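Only one structure is covered here, and it is reproduced in the block below.
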Amino acid sequence: MSNNSKIQEWEFTDYINSLVVRDESVDLEFKTASEGFPNSLWETYSAFANTDGGVIVLGVREKKNNLIVEGLTSEQIQQYKKRFWNEVNNPDCISFNLLTDKDIFEGEYEGKKLLLISIPRANRSQRPVYCTRNPFRGHTYKRNNEGDYKCTNEEVKRMIADADDTHPRDSRIMSNYSMDDIDTDSLKQYRQYFVSKAPSHPWLALNDIDLLEKLGGYRKDRELAIEGFTLAGILMFGKTESITDPTCTPNYFPDYRAYEEDNELTRWSDRICPDGTWEANLFQFYRRVYPKLVNVLPKPFHIKNGMRQDDLPTHIALREAFINTLIHCDYSEEGNIVIEQHKNKFLFRNPGTLLISRNQYYIGGESVCRNKSLQKMFMMIGFSEKAGSGVNKIMQGWHLANWSAPYIEELNRPDKVELTLPMISLFPGDVQQSLTQAFGIERIKELDQKQLLALATCFSESSTNNDRLQHLLNMHPSDITKMLRNLCMEGFLISEGKGRGTLYQVNIKRPQNVATSEGNVATSEGNVATSEGNVATSEGNVATSKRAYVYETTKKHLSYNEIADLICNMTKDFLFLDEIASSIGRNVRYLNNRIIPRMIEEQRLERLYPDIPNHPKQKYRAKNNK
């Protein structure tokens, strides 16, 4: 859902409330504008457009980590709107106008006027969006948790290349490559898979070059009067040295690692990477790694239409996630393809950026691929679903297994896309039983997956808030607030407090001792939780963990070291991030983005789940309090 849709659905005051409780982040920027139209607005416009969109709020000042609503005069608002429309349509100022009238909002908050500008993510053909008429030399921006940053010339070139849908990355003809660069065993094995999938397909009668031409592994460019093997052909069937040649993809290094322990410092127990013992093309990498991934999944006897089905939804989801990593990779970017297998999650990482927004990704149905020939090669042997259905298969498989929803992240410097598939049970049996007894099976069935996850989390942890659920749900904070309010209206939750301090509790009278299953990892399609990690907690214990660590810190600016010292002093035992934040009067997002990572790096703080930073039940403890 776009930002302007959210603003239209909410009352202006409610929407501003949902913003001011947050620290500035990847999709939010506050600017004072009290002394004039901020010229830095166009840098943020470029950054939002080239990242994942966002909202600029004019009339709010950030001072010492606090937000001060200063407001604007009616005259300023009209003046700024006129100047904005003049400049957004001026290519000397910004390269592309992405907005319409409905993307700019004005309203009152606490008696003061504000101006909101909602900037969508530019689509692949519109990027890069840049200041002035030159995208290079620091005029193109992107966004991370630290704010706007200037793109390098190489980053800009990659955006320009992605914008050209008529010339996919993997269609490039490789000069001076011949059949000697092809691993013939890989091509023979591919034919065998092809025969198994479509034994009467006419392409099977073709010779190797003609077959590769049909698949996109060999191409004739009639305009330039050249022909040869394509990048896709070399990546899929080439020899290792041919793939990593400086003229091809010198950064290529597919890497699979399996870990037996949930510890980020533990050495891998199994690894597959280019080590000189096999030809490390994409076809062979997939053949070696995929069986290891599905080997840890259950394989119950399943009948459909009278025939045994070996591929269950979770197997299909893993296969789609794996193939997507290979076909959406930007092989010109620094970094490796990384596949990690842990006891309670799978991680798929590839160099590059998403070609669609994260919201579009989760909705699914869009077929936008960086390497179309590679996609075709995998589809022809049944390793990939039809174009546009892959993400839906991933989400559906994990949903049917009752595991926490997969989530995707874009990282930068260098650009990477990281997909995590958690194998964590959404609803441990004891929690599900308690909620069913309290509200009835029919009422529980009426809730969608995200509502049920919010309710189960609230029950397991005694309370929850907006910031806590942002780590679990792929939802905008304002949408989470709206969902929590609806759950309150329907009698499932009760709220306490206002704004950033609002806590939500399940609307039932709980017993004194409630056994919760923390960190349950589903080990079968039936979601049988392992005994490892089950911790019995009680209201008394929860109350103890939240007791007495209340500091008068909200009235003054604190340095990083002062905040870190406070956190170390209070985390004698493991605490949730929202418990830490509420105790020291700081925003969860601010701590999560700027304080906690630095403390982890400095080894002043440790995670309860060190190998899964985004674990839904993550807690923190001072490192010297083991």
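Whether a residue is open to solvent by less than 30 Å² (accessible area, probe 1.4 Å), on the phi > 0 side of the Ramachandran plot and without any contact (Cβ under 8 Å) to a residue 60 or more places away in the chain was assessed, and GLY228 passes this test. Pairs linking a residue in region 356-367 that is on the phi > 0 side of the Ramachandran plot to a residue that is among the β-branched types (Val, Ile, Thr) and modelled with pLDDT of 75 or more, with Cβ atoms under 6 Å and 6 or more positions apart or on different chains, are GLY364/VAL391.
Counted as qualifying within region 392-495 are the helices (runs of 4 or more DSSP H) with 2 or more residues that are open to solvent by less than 50 Å² (accessible area, probe 1.4 Å) and not hydroxyl-bearing (Ser, Thr, Tyr), namely 429-439, 449-460, 466-470, 477-489.
Residue-wise test of (1) more than 19 Å from LEU41 (Cα to Cα); (2) not aromatic (Phe, Trp, Tyr).
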| site | (1), (2) |
| --- | --- |
| SER95 | no, yes |
| GLU108 | yes, yes |
| CYS131 | no, yes |
| GLY138 | no, yes |
| TYR141 | no, no |
| TYR149 | no, no |
| ILE160 | yes, yes |
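For first residues located in region 233-254 and of a type in the set (Phe, Trp, Tyr), partners that are surrounded by 18 or more Cβ atoms within 10 Å (Cβ to Cβ) and part of a helix (DSSP H, G or I) and lie 6+ apart or on another chain with Cβ distances below 8 Å form the pairs PHE237/SER186; PHE237/LEU187; PHE237/TYR190; PHE237/LEU212; PHE237/PHE283; TYR252/LEU235; TYR252/ILE243. Just one of the listed residues (PRO291, PRO313, PRO298) is within 16 Å of ASP270 (Cβ to Cβ) and modelled with pLDDT under 95, namely PRO291. Can you confirm whether LYS142 is in a strand (DSSP E or B), surrounded by 21 or more Cβ atoms within 10 Å (Cβ to Cβ) and of a type outside the set (Ser, Thr, Tyr)? Spelling it out, LYS142 is indeed in a strand (DSSP E or B), surrounded by 21 or more Cβ atoms within 10 Å (Cβ to Cβ) and of a type outside the set (Ser, Thr, Tyr). When residues in region 347-372 are screened for being among the charged types (D, E, K, R), assigned to a helix (DSSP H, G or I) and either at pLDDT below 85 or within 15 Å of ALA321 (Cβ to Cβ) (or both), 1 of them pass.
I'd like the full set of residues that are buried (at least 18 other Cβ atoms within 10 Å of the Cβ) and within 30 Å of the chain's Cα centre (by Cα), limited to region 106-123. Matches in region 106-123: LEU115, LEU116, ILE117, SER118, ILE119, PRO120, ARG121, ALA122.
Considering region 336-372, the residues that are more than 16 Å from the chain's Cα centre (by Cα) and open to solvent by 30 Å² or more (accessible area, probe 1.4 Å) include one that is nearest to MET159 (Cα to Cα), namely VAL368. Note on region 188-212: residues that are in contact with an Asp or Glu (Cβ under 9 Å, 6 or more places away or on another chain) and either buried (at least 19 other Cβ atoms within 10 Å of the Cβ) or of a type in the set (Val, Ile, Thr) (or both) amount to 0.
Among residues of region 612-626 that are open to solvent by less than 40 Å² (accessible area, probe 1.4 Å), those with a beta-carbon under 6 Å from a residue that is at pLDDT below 65 at least six positions away or on a different chain give the pairs LYS617/GLU518; LYS617/GLY519. Among the residues making up region 307-329, a single one is under 17 Å from the mean Cα position of the chain (by Cα) and acidic (Asp, Glu): GLU320.
Only residues that are closer than 17 Å to LYS113 by Cα, in contact (Cβ under 8 Å) with a residue 12 or more places away in the chain and of a type in the set (Val, Ile, Thr) were counted across region 32-89, and they come to 8. With the condition kept exactly as written, say whether any residue in region 338-346 is modelled with pLDDT of 85 or more, assigned to a helix (DSSP H, G or I), touching a helix residue (DSSP H, G or I) at 6+ places or on another chain (Cβ under 8 Å) and closer than 23 Å to ILE381 by Cα. Taking every residue of region 338-346 in turn, none turns out to be modelled with pLDDT of 85 or more, assigned to a helix (DSSP H, G or I), touching a helix residue (DSSP H, G or I) at 6+ places or on another chain (Cβ under 8 Å) and closer than 23 Å to ILE381 by Cα.
For region 147-187, the tally of residues that are touching a helix residue (DSSP H, G or I) at 6+ places or on another chain (Cβ under 8 Å), under 18 Å from GLU410 (Cα atoms), open to solvent by 20 Å² or more (accessible area, probe 1.4 Å) and in a loop (DSSP other than H, G, I, E, B) stands at 0. When residues in region 196-212 are screened for being modelled with pLDDT under 95 and assigned to a helix (DSSP H, G or I), 2 of them pass.
Give GLU11, GLU24, GLU35 a once-over and let me know the one that is surrounded by fewer than 18 Cβ atoms within 10 Å (Cβ to Cβ), at pLDDT below 85 and of a type outside the set (Gly, Ala, Ser).
On the way: GLU24 fails: surrounded by fewer than 18 Cβ atoms within 10 Å (Cβ to Cβ); GLU35 fails: at pLDDT below 85.
Among GLU11, GLU24, GLU35, only GLU11 is surrounded by fewer than 18 Cβ atoms within 10 Å (Cβ to Cβ), at pLDDT below 85 and of a type outside the set (Gly, Ala, Ser).
Reported count of residues in region 89-118, each being more than 19 Å from PHE30 (Cα to Cα) and part of a helix (DSSP H, G or I), is 2. Considering only region 217-232, I want to know if a residue exists there that is more than 29 Å from the chain's Cα centre (by Cα), under 13 Å from LEU282 (Cβ atoms) and not hydroxyl-bearing (Ser, Thr, Tyr). Scanning region 217-232, I find at least one residue that is more than 29 Å from the chain's Cα centre (by Cα), under 13 Å from LEU282 (Cβ atoms) and not hydroxyl-bearing (Ser, Thr, Tyr), so the answer is yes.
The values are calculated or read from the model by the stated rules, or taken from the named source; none is laboratory data. As the structure is a prediction and not an experimental result, all values here were calculated from the model. Note: ideal-geometry Cβ built from the backbone for every residue, glycine included; neighbour counts use all protein chains shown. SASA here: full protein model, heavy atoms, side chains in, ligands and nucleic acids out. Shrake-Rupley method; radii C 1.70, N 1.55, O 1.52, S 1.80 Å.
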